[in-house]
Each structure stands twice: as C-alpha cells, then as structure tokens.
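First comes the structure, then the notes that go with it.
No value in this document is a laboratory result; all are computed from the given coordinates. Note that the coordinates shown come from a computational prediction; the quantities given were computed from them, not determined experimentally. Neighbour counts run over all protein chains shown; Cβ positions are idealised from the backbone, glycine included.
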C-alpha cells in the first residue's frame, strides 16, 4: 500500500469534514499505540477527524466506495496495535466528544466515542456516581476504544456489571451508514445482540460512534487492603481462600515478584523485605459496611501473609496506575500481554510467565486482575535489541498456547490487534463463523484490515 | 409441512438416541408453551430427547442432512411461542441434566441446558451462593431456555451482573457439530463475542447444550419493602425518587391497579383500600447493611405512599411468583407481552397499556421489573372468544410500536418467538445484518424456522 496521500483523497475527505480535519500522513502520533515500546509503528495515507457520527459515515462511505481501508482509532493507548494503521485512512474519534445525554438521577449517560475515559469517570463522580471500569491511561483513552477492545482494568466496584454497563448505541457500518443498535432501555432481547457483538470487535465490524454507559451510585467508602506474601503460591492460595470465604471484594489485584520489584520503591507504605507477591483488594459500600468488609478481607488475606496493610486509597491507586510505567522503565521496552485464565489456574499462569521468559533468556514478570484471572504477562527488552524483541514475540506466542490449554484465552482485555492475530487458537468452526460474520459486516474487507481475525 | 412421522426418520433418530428417546407427534406436552393461554399450539413429526451434547449434534446433523427443521425446546414455559413447533423435529433438552462442573469456592458452575432453573438456584443456595436471575416458572424452565431467551425475571441481587453471569459454553451448530464458545475464564476478548450473540437468539442460530453460570456469595439478609400508592403516577415518581437518592435495591418490582386487584386477596399482609399501585423493593447485604438499606428504602418509597410495609421475604416472593397465575385466573386467558422502555418512560408505558386495551375493548393491566423498565403488559381474554383473541393481538401490536417510540423494545426478556415476529420495528440495515448472521449460522434455514427473524 502506498503511503503517499493522493490529492483527490485529501480534497474529497476535506470537503466532507473540512480541510483542517484531514491531517497528512506525517502525523506520527496517529500511527502508533502502546506497542511502540516493542517497536511497532504504522503508516497511513491520511488521518481524518470527523466531528459527528454523520461525518464518520460520510468519510467511511467515501473510503468504502474507493476501496480505501479504514482504521478506527481512539486514544491510541492500546497494547495490541489494534489501531496502528498499515495503509489506508485513520478515522480518529478525537472530535467526537459530545455527551449526548446525562441523567444522573437515572444512573446513565450516553457519550460519543471520543469522550475520554477519565472525563466519564469525573462527570460521574461529580454527580455522586461511579463508572466502574478503570483501564489504565484513562486520561488518554477514549470510551469508544475501551468498548472496542472491551478493556475494563480493575473493576472498582462490588456491584458493577461490566457487560451491562457499556452498551454500543451508535455504530457506522458498511457501506457508510449510522445505525442505532442500543438505546436507554436496559433490557432488549428482540433482536440478535449486535451491540454485544460489537463490544471487543476491535474496529473490524464497524466504527463505534456513541455508547450508553450505566453508572452506579458511588459507594460512600472504598477501602483498600494490601497483603504481602513470600511467594506466588501463598499469594494465590490467599486469593482463593478469600473467594472461598464468600467475601465480595470490589477489586482484586496482584503484583508478582518482578512487578513488585519494579514498583517497590514508589509504594506508599513499607514493603516487607521478604515480600515477593502482593495482593490488593478493596472493600466498598457504606462507611460501616466497607469497614466491616475490610476487616473480613484483612483476616482472609492475612492467612500466610508477611504483612497486611490498609493504605490510603488515593495514594495506593495512583501507585497501582503507575505499575505499567515502572515496569517499562526497567529496560526501556516490553512486550506486555494480557492472557486470562480461570481463577484456579492463576498460579500456573503466573509461574509459566516467568518460566517461559527464562527459557527465552528474558526477564519476565506479571501483574493483573486476580478476580478475573487476567494477567498482564510481560517480557522486558531493550527496543533496539532485535534479538530480544524476537525472543519476546516467541515467548508471548508460547504463553498464548498455554493460556488456551489452561482453559483461558490469549486476550482478556487488550484484544488481538495485529500483535496477537493468529494466536487465539480457535477451533476451525469457530474461526469460520467469525470470518463469515466479518464478511457480513465488511464484505470488502476494508475495516481495520490485518487485525484480530 | 406434514405432521406424520415417516418411518425412516423415527428409525434413524431412534438408532442415534435410542428408540425410547424418540416420542411420536402425539406428545402434546411438547407442542405448547405458555402461549397456550392465547390459543397457540403446534405440531411436529417427532420429539427427540438426546442425553448428551454429542447426541444433540448427531440428531441435528441427521435433520440438517435431511432438510428437516429442528425446534430446540427447554422447559416449555415461554411466553412467545419460541419453542412451539410448526413441523419438524422438536429437540428437547429434558435429558441434558448433568452438572458438568461445580466449584462453590470459586463461585461458578457449568450445567447442561436441561438443568432446571430452580435446581441451579437450590444447588447454589445449599452452598452459600446465589444465582440471581429468577424468571418465573423456575421449577419447570430449563437454564438453556432461560439463556436462549435471556429471561432474567426480578434480579434479586444488588451485586448481580446478568450478562456476565450466564455464558454459553457449548452449542451445537449447523451442519451438526458441538463447539465450545466459552469456558471458565471470566474474560475473553480474543474473538468476536459469539457466546453473547447466542444469548437471546431463541434457538435460531444453534442449540445451546451447556452454560457456565457465575454465582455470587448469598447475602446474609434480603429484606423486602412493599409500598402502596393511590395511582400509577405517584408510584412511578417514588421509583425515580428512590433511584435519584442513590439507593441500590436488589429488586425493584411493580404491580399496577389491575395486577394488584387480581392478586390482592392472596397478598400476605394488608392492602390499603385506596391502593392502586404497588412497588416492591428489596435491600440485601450483611444483616446490618440490609437493615440500613431497608430503612433508606422505606423512607424514599414513603414519599407519596399510602402505606409502606416490610413483609416476611419468603411469603412475599411466593406471592409475587403467583401474580402471573392470579392474572390468568381472572378470565382464563391472556396475551402477556414484555415490552421494555427506559426507566423514565415507565409511567407512560404503564398508562398506555391500559389505554390501548380500553380502545380495543379489553381489560388490561401490567406488572414487571421496574428497575429494568420491563413491563409484563397483559390483555385479558377468554380463550374461546376468537374476537377477543384477535383484539388482543392488535392491541399488542400497537404496544410494540409504542415501546419502540419510547426508546424501548418489543421484548425485554420473552423474546420474539412466533407471536412477536415482525413486530420489532428494526431499521432496515439492522434487519439485514441479522438476516445475514442467521444465514451464516443456518444456511438452510432449518433452525427454529418462523421464529424471531
């Protein structure tokens, strides 16, 4: 694919969205995402920034009619290269920032795809509500991108229902039409569930332009607990023991030895010398209820722990948000995957990450969302070291096989994008059904080509 | 379609599942569901009761190869005729009753489609857990049927996440193959979300043979509150006021004037003379928390109420379960629909049900799941009165248009089945996408023909 933007394309797209909303291909910031840390970069003939769903449809329609690939893009914070273009037009949601509806008394909000995740959370908070999903990079990532990859991060609520919480309302589909797939009604079983099919579809079926979000009343208190363990085994045992005792934590996170070492110095408290594994849980609810739950958590997580702390919430979560950066800082680069396994296979998956890395001569570590069995398995590297990059890719590929063998998946929330494409290990019939559904939505194969499927 | 069972069909299917698992077409109990109350009945060439997923695949494969329609059937308690056959083979899940996995300490269970909903709830309860969805007829309905129509009933939990709570694990697809679409892992964004697409697909895409269920720790207490109002307006106002004050109720139900009148005499307490609307809410959590929440609910629902009671939970819910039967008893027959609207349009939808009925000369009423904006709008009739049945069908059709106009849907949880087919009022492009997806899964159009799409 040629990267030079032909004059007619720039002219035509400019006449749809305005010349200032069509950027030339030199706009490097729109050609990368977090996979830059493993050396991935793309190219495009143009970057277009439509301001309305109708403009998205018009741009999409022009591209579809002219056989030009379309790469939908949110905040560009993905870990799978899902929005990294390899030719075609980047359709960025930066200007789709309208809050279409906000009914705080009814716990709901409809926003355009380009509204930043942090702004959703802020708006909710200012009105006594909580938007539970909290993927990293909330200040950069767009809600449309979150939904397109189904990124949740630590679900900081014991009453959250993620899948019900984010519903696609509007999407632009081929050959260039806005359709309304979901409304403000909470239940709808009339049709086939297209809005759920679009969640996590990574821009391969359509361009999500607006979503309905279900908010929940903000709990009065959210009180984290941090428990340190001498090894992975005792940490994982404490996690299952906590679940087994029937305590509903609002978040259940972990850091393994390597991740803890990377972020140890900035931890807002004291880390025991012998600590090699950290579990962070949170108790939420009314003040009394959160305190009662926290006491239960302290007791359940205390079994086998070196120390159990009750840190100040804001500092702890700020620190937790910084773990990914702290890990990157270690060597300058990383390949970070997000396999998910059944909760009872978590220990195996954490140990395997380290073991697979070692076998490929790489330092490796993981942290993640324990409650969901979702690991951020990470292989450290220096970006300039081509051999390390290759070794990390091989190690990751091995890990995906392992995740599937453990009854899990190659991706819990980052999506397959370009970096994990071909690594999902689907049964042939499932692969075929997906390809045929893709064909239904995108007969010309122009939507985010080379991604996911 | 001929209803006579040809000998080769009986012989061949008998050789797959055993002769005793192939019932002749005279087995009337397999040809009806709850739409019998509006006069709907079907016919089939045979009813087959496979005992394993593999047998389901073999039977399905035989039918597909011989161009024989397949009608999947669970407990037969549906309200839309979704499992009422009009020719072909009924593939009943009665013998798919294996609990494939149950890990109470990990809050999860994998069951075959034919396990009864009440048995799931019982098994969970005996192990300190709760399976929140509670559609009516739990003693008859099968979990596979619940999932195929996405029936939830009153979600009796403040921490429930319905969509995450029930995931299709195994499904038999054309031309006759079992595929595993979901496992024990809680997150999976590798592929297109086929397991969500199957939820609510009403047997038009495949035959669900097993599902994973996510359970939650049973709350220590669940304390209902019943509030009586002089009219629909004041009741609906109290509902939005309760949401607006940020109280998370674990159930939020209503009965309008007509429904209350039907069930008034059996109410386990005293109903104020002037009561024309009832709201039932429930507070759950630890004993202290549930009591605190109940106090908040009593206060919030008290605004404008004639009386607020705190009834004994078991008697109240037993009574609530009987509302549908009490309503049927009034005239012997009914057309009961399940439109859903945004919560703020509930009052309009409740009033409209009565108004539309009146215009068609029918007594009408509604009750339902307030929190989800899900109404069971019901037109009473005598089954033998052909004119009344026709009037009720017309009234229902009007109601579907209204629901869509209010931003809602023709079906919140019953599905379209045969009785609401053609009443969903989809945009043409959405209709086309659904038809094409159906074509992907069922190229011969043999799966539950005449239903939903």
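Each principal axis of the Cα cloud of the range A:198-315 was evaluated for its coordinate range; sorted largest first, these ranges are 50, 36, 29 Å. If both residues of a DSSP beta bridge must be in the range A:1-137, then about 45% of such bridges are antiparallel. Computed from Cα positions, the angle between helix B:117-126 and the longest principal axis of chain B comes to roughly 70 degrees.
Calculate, for residue A:19 and residue A:101, the FRET efficiency according to 1/(1 + (r/R0)^6) with r their C-beta to C-beta distance and R0 25 Å; round to the nearest 0.05.
0.20
Spin-label model, residue A:67/residue A:314: points 7 Å from Cα along the beta carbon direction are separated by 5.8 nm.
With coordinates expressed along the principal axes, the C-alpha atoms belonging to the range A:47-115 extend over 45, 29, 14 Å, beginning with the largest.
Dividing the mean sequence gap of close Cα pairs (under 8 Å, 6+ apart) by how many residues the range A:64-201 holds gives a relative contact order of 19 percent. Ordering B:155, B:243 by the number of other Cβ atoms within 10 Å of each residue's own Cβ, fewest first, gives B:155, B:243.
In this simple spin-label approximation, residue A:237 and residue A:436 carry label points 7 Å from Cα along the Cα→Cβ vector, and these lie 5.0 nm apart.
Placing a label point 7 Å from the Cα of residue B:139 along the Cα-to-Cβ direction, the residues of the range B:51-85 with a backbone N closer than 16 Å are B:75-77.
Taking the centroid of alpha carbons for each part, the range A:194-209 and the range B:230-270 are 37 Å apart. Can you say what percent of the DSSP beta bridges in the protein assembly as shown, counting only those with both residues inside, are antiparallel? Round to 5. Looking only at bridges with both residues in the protein assembly as shown, the antiparallel portion is about 85 percent.
Reported to the nearest whole Å, the Cα centre-to-centre distance from the range B:24-74 to the range B:134-156 is 20. A Förster radius of 41 Å, combined with the Cβ-Cβ distance separating residue B:307 from residue A:303, puts the computed FRET efficiency at roughly 0.25. Whole Å is fine, so just give me how far the alpha carbon centre of the range B:93-117 lies from that of the range B:298-341. Value for the Cα centre distance between the two parts: 30 Å. Taking a ≥ b ≥ c as the square roots of the eigenvalues of the Cα gyration tensor, the range B:328-453 is oblate, since a/c reaches 1.5 or more and a/b is not larger than b/c. If each Cα of the range B:408-453 is one equal point scatterer, what is log10 of I(q)/I(0) from the Debye formula at q = 0.14, 0.23, 0.24, 0.34 Å⁻¹? Ignoring solvent entirely, the Cα scatterers give -0.35, -0.90, -0.96, -1.22. Our analysis of the range B:73-211 gives Rg over Rh at 0.94, with the two radii drawn from alpha carbon positions and Rh computed by the Kirkwood formula.
Only counting other Cβ atoms within 10 Å, I'd like B:221, B:201 sorted with the fewest neighbours first.
B:221, B:201
Across peptide A:197-207, the average count of Cβ atoms from other chains found within 10 Å of a residue's Cβ is 3.
Distances from residue B:287 to itself in the other copies, using label points 7 Å out along the Cα-Cβ axis, amount to 2.4 nm in increasing order.
Over the protein assembly as shown, with a single point scatterer placed on each C-alpha, what log10 of the ratio I(q)/I(0) does the Debye formula yield at q = 0.05 1/Å? Treating every Cα as an identical point scatterer, log10 I(q)/I(0) equals -0.28. Between residue A:321 and residue A:270, the simple label model (points 7 Å from Cα in the Cβ direction) yields a spacing of 2.8 nm. Using a 7 Å projection from Cα along Cα-to-Cβ, the label point at residue B:20 is separated from the same position in the remaining copies by 8.0 nm, smallest value first.
Looking at chain B, what % of its DSSP beta bridges pair antiparallel, to the nearest 5? It would help to have the intermediate numbers written out before the result.
Values: 57 of 67 bridges.
Close to 85 percent.
On the basis of the beta-carbon distance and an R0 of 22 Å, residue A:427 and residue A:394 show a calculated FRET efficiency of 0.35. Debye-formula intensities of chain A, expressed as log10 I(q)/I(0) at q = 0.08, 0.10, 0.12, 0.14 Å⁻¹, are -0.46, -0.72, -1.03, -1.35 (one equal scatterer per alpha-carbon, no solvent). Distances between copies of residue B:439, taken at a point 7 Å out from Cα along the Cα→Cβ vector and listed shortest first: 1.0 nm.
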